Structure formats: structure tokens, C-alpha cells
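The values are calculated or read from the model by the stated rules, or taken from the named source; none is laboratory data. Note that this is a predicted model, so its numbers are computed, not measured. For neighbour counting, all protein chains shown are included, and Cβ atoms are generated from backbone atoms with ideal geometry for every residue, glycine included. Accessible surface is based on the protein model in full, side chains and every heavy atom, while ligands, DNA and RNA are left aside. Shrake-Rupley method; radii C 1.70, N 1.55, O 1.52, S 1.80 Å.
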Amino acid sequence: AIPGGDVNVTVEVGEALSLTSMRYNELSDAEVLDCAERVGVASVSRNDYFMRVYSNTEYEVEPVPGDVCGLGYNVFNSETGFRSLSVRLFIRRYVCSNGAVVGMTSGGERIHYGHPDMELKKFLEEQMRSGEEAMAEVGRLLTESAHRPSGPVAEQVSARLRPVIGKKRTDALLDELGEGATAYDLANSITSLAQGLDLRRRLQAEAIGGELLAPLETLSARLAAKHQQIPIGG
């Protein structure tokens, strides 16, 4: 199914994991870890499909008095082409170790295909630099989520969560929330449940939680407004 003749076969412990074309841009997990050293590597999760790197905490915020959260980076990579290279922010709630994943930009990922040499490493470095500015804004959105009602987004969240954990568990999770629940409360319920899921589904659930805490559209608009230049006399 891959045109062009020759293909690459990725082999690990004697098993073929993937077939890729000659235009596939390989970026090893070791290279990603080297790039991530600038922010410090706290831990790594990995399966046959992708690697997830957790950085050290770079920023702290207290959205609710006594409830401190640390912000750092998540870097995702796949040596077998099953996942694009991407950098996101990771929110960890210290009191319970719940975690949420926040996208910084709508174009914050690169597939492993068709790029010039060194393009993926450059992209990785640029994304980490841009995250430094995004963290403060994510901290503000995190605080706002503790005052934003969850009701208006409950149906949308339910539709996204059901394919991840099933209808029964989704309905039970939403039913347990009180009428005055906030987006922060709902996100914490989701990310608490996520800790018991496999690597792929955990990421999906934590991304849903992150969108509740710091919606990508809102974050992108606020970051863009910071860079907008107003003409003199305009």
C-alpha cells in the first residue's frame, strides 16, 4: 500500500512494529529526551505506539485556596509513526496527583512525514519556548475554571468521554456532580478516573479535562491578543 518501492521496517526485540515509507522522518525517543533535558525530565511513559515525557514543574498556580497545581510540559513522540510529534502543557494537581493535558496552539504537532532534515527537532525546541509564555495564561484560565459552571458543557463532555470510558461510567461520573459543580470540579472527576486507564485512554481523558480547564480556543485568542500590534492613531 506504500508507493515508491523500498520501505523501512521498525524492529524491536525481534518483532516488526511498523512499516514506513522512505519519506518518513524518524525522530528517536532518545533524541526527544535529549531535547527535553532543557526543562528537566521528571518521568516517562511508553508503549509500542508512543512515548510520553513529563517535564519538571515550571510554574505553579493556586486556583482554589490550598489547592496548588504545578504546570510543566508533556512531549509526545512515536518511533513507529502511530502518533505525531507534539508538545503540550501538563497540569498536575498536587493534592491528588490528577493530571490534565492542555494544547497550546491548534497547529502544535507535526506528523513524521515529508519534512526537511532537522525540521522536527527545530519544531520541538520552538514549542517548548512558546510554552513559557502560555503557562501564565493557562494559570489564569485554571483559576477562572473554578468559578465557571460545568452545566453548559456537560453534554459536550459526555459525548467526548463515552468513547473513552463507556456510557455507563460517563453517566455515573456526571450524576455524582452536584448542581453547583464547576468546570474545575468536572475536570478533576475526569482526571481522577483517568489514573486507572491504560496509556492511550488516560491521555484521551486527560485531554478532555484540560480542555475544560483551559479551552484551546480561548487560550489561543488570548495569546494572539498579546502579540497584536495596534497602529499609532488607530
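Are there trypsin sites (Lys or Arg not before Pro) in the range 21-121 that DSSP puts in a loop and that have at most 12 other Cβ atoms within 10 Å, and which ones? Walk me through the numbers before you get to the answer.
On the way: sites: ARG23, ARG38, ARG46, ARG52, ARG83, ARG88, ARG92, ARG93, ARG110, LYS121; in loops: ARG23, ARG38, ARG83.
Listed in order of number, the matching sites are ARG23, ARG38.
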Exercise. Once the dipole of the range 1-134 is set up with Lys and Arg at +1 and Asp and Glu at -1 on Cβ about the Cα centre, which of VAL11, ASN74, VAL61 lies farthest towards its positive end?
Worked result: VAL61
Exercise. Per residue, how much accessible area does the range 136-222 show when a 1.4 Å probe rolls over the protein heavy atoms, in square angstrom?
Worked result: 49 Å²
Exercise. Once the principal axes of the Cα atoms of the range 133-234 are found, what is the range along each, listed largest first in whole angstroms?
Worked result: 58, 31, 20
For this session: Taking 7 Å along the Cα-to-C-beta vector as the label spot, tell me the MET118-ARG162 distance in nanometres, rounded to one decimal.
Result: 5.0 nm
For this session: Once you've got the GNM for the chain with C-alpha springs shorter than 10 Å, pick whichever of LEU216, LEU177, LEU161 has the biggest mean-square fluctuation.
Result: LEU177
Seminar exercise, completed: Share of accessible surface on carbon and sulfur in the range 170-234, whole %, 1.4 Å probe and ligands ignored, is 50 percent
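What is the Cα radius of gyration of the range 1-135 over 2.2 N^0.38 Å, N being its residue count? Can you show the working numbers first?
On the way: Rg = 16.8 Å, N = 135, 2.2 N^0.38 = 14.2 Å.
Normalised Cα radius of gyration, the range 1-135: 1.18.
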Problem set entry | Projected label distance in nm at CYS96 and THR218, using a 7 Å step from Cα toward the beta-carbon | 2.0 nm
Seminar exercise, completed: Per the chain, sqrt(5λ) over the Cα gyration tensor eigenvalues, sorted largest first, in Å, gives 32, 24, 17
Exercise. Where the only charges are on Cβ atoms (+1 Lys, Arg; -1 Asp, Glu), what is the dipole of the chain about its Cα centre, to the nearest 20 debye?
Worked result: 420 debye
Problem set entry | Theoretical gain in end-to-end length, VAL9 to GLU109 [0.36 nm per residue, Cα-Cα removed] | 33.6 nm
For this session: Hydropathy first: keep DSSP H helices in the chain averaging at least 0.5 on Kyte-Doolittle, then drop any whose Cα extent along the axis falls short of 15 Å, and list what survives.
Result: 183-194
